[in-house]
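The values are calculated or read from the model by the stated rules, or taken from the named source; none is laboratory data. Predicted model, so just to flag it, every value in this text is computed and none were measured. We place every Cβ from the backbone using ideal geometry, glycine too, and count neighbours over all the protein chains shown. We work out accessible area using only protein heavy atoms, side chains counted, and drop any ligands, DNA or RNA first. Shrake-Rupley method; radii C 1.70, N 1.55, O 1.52, S 1.80 Å.
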Amino acid sequence: NWPSTGDYDMNDLVIREQFQTIYNANNLISGFKINGYIDARGASFKNGFALRLLNVSASNFKQANLEINSESYNKTPEQNQTDLVFQLWNNSHTFTTTGESGPCQHFNTVKDCTEFSAIPFELDVKFETPITSLSHSSLDFFIFRKNYRGREIHFADYPPTDLFDFSQLGRIDDTSDA
């Protein structure tokens, strides 16, 4: 509901992940892997999930593959981005549909509803030119509205991407300082 108050997006998508850097023979980072799980989805809106690598140029992309729920997808960077940004998926409902109604249509967020197994995924990214450092704090995971790519929800103190619609700031109840 951002920029309106009343829904703070904390359970729109709950991800658990492990980050592993891949080094070449020269001790430079040639890529990384993220192994993770979708643990819960509380959003009624159809939201995508993306990853930005802060201060890693989009031009340094070589290849990326996402495997989720035993299916494989080649990933390419978003266009018109300064930093390297991937949409891991553009609709979390694709992988978290419960087949239930009412509050139980949400995935693993209501105690009295069916509990489903977490959905495993792995992202494998390779860089064109190896880099010297990549910390977990350089990973900017965020959700975005499927039908409105310019509406992004980031962790606190992570700035929006180049595709963010800045006209959203200061509207309704928003007090962001981005």
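Out of I68, I119, I153, I131, report the one residue that is within 13 Å of the chain's Cα centre (by Cα) and among the β-branched types (V, I, T).
Numbers: I68 fails: within 13 Å of the chain's Cα centre (by Cα); I119 fails: within 13 Å of the chain's Cα centre (by Cα); I131 fails: within 13 Å of the chain's Cα centre (by Cα).
The match here is I153.
Scanning segment 14-39 for residues that are over 17 Å from the mean Cα position of the chain (by Cα) and buried (at least 19 other Cβ atoms within 10 Å of the Cβ) yields one hit, G31. All of G42, G99, G48 fail the test of being small (G, A, S), more than 15 Å from F141 (Cβ to Cβ) and crowded, with 16+ Cβ neighbours inside 10 Å, apart from G42. Taking segment 156-172 as the range and being closer than 18 Å to I143 by Cβ and assigned to a loop (DSSP other than H, G, I, E, B) as the test, the residues that pass are A156, D157, Y158, P159, P160, T161, D162, L163, F164, D165, L169.
How many of the residues making up segment 67-89 are assigned to a loop (DSSP other than H, G, I, E, B) and either open to solvent by 90 Å² or more (accessible area, probe 1.4 Å) or in contact with a His (Cβ under 7 Å, 6 or more places away or on another chain) (or both)? So the count comes out to 5.
The residues of segment 51-60 that are open to solvent by 40 Å² or more (accessible area, probe 1.4 Å) and in contact (Cβ under 8 Å) with a residue 40 or more places away in the chain, listed by number, are N55, S59.
In the set (1) exposed (fewer than 12 other Cβ atoms within 10 Å of the Cβ); (2) free of Cβ contacts under 8 Å to residues at least 60 places away in the same chain, D165 fails one condition alone, (1).
Has segment 108-130 got any residue that is touching a helix residue (DSSP H, G or I) at 6+ places or on another chain (Cβ under 6 Å), assigned to a strand (DSSP E or B) and closer than 17 Å to D12 by Cβ? Yes: segment 108-130 contains one or more residues that are touching a helix residue (DSSP H, G or I) at 6+ places or on another chain (Cβ under 6 Å), assigned to a strand (DSSP E or B) and closer than 17 Å to D12 by Cβ. Looking across segment 48-65, the residues that are out of contact with any Gly (no Cβ under 9 Å at 6 or more places or on another chain) and either of a type in the set (S, T, Y) or farther than 17 Å from H93 by Cα (or both) come down to L51, R52, L53, L54, N55, V56, S57, A58, S59, N60, F61, N65. The residue of segment 131-162 that is surrounded by the most Cβ atoms within 10 Å (Cβ to Cβ), among those that are among the acidic types (D, E) and closer than 17 Å to G48 by Cα, is E152.
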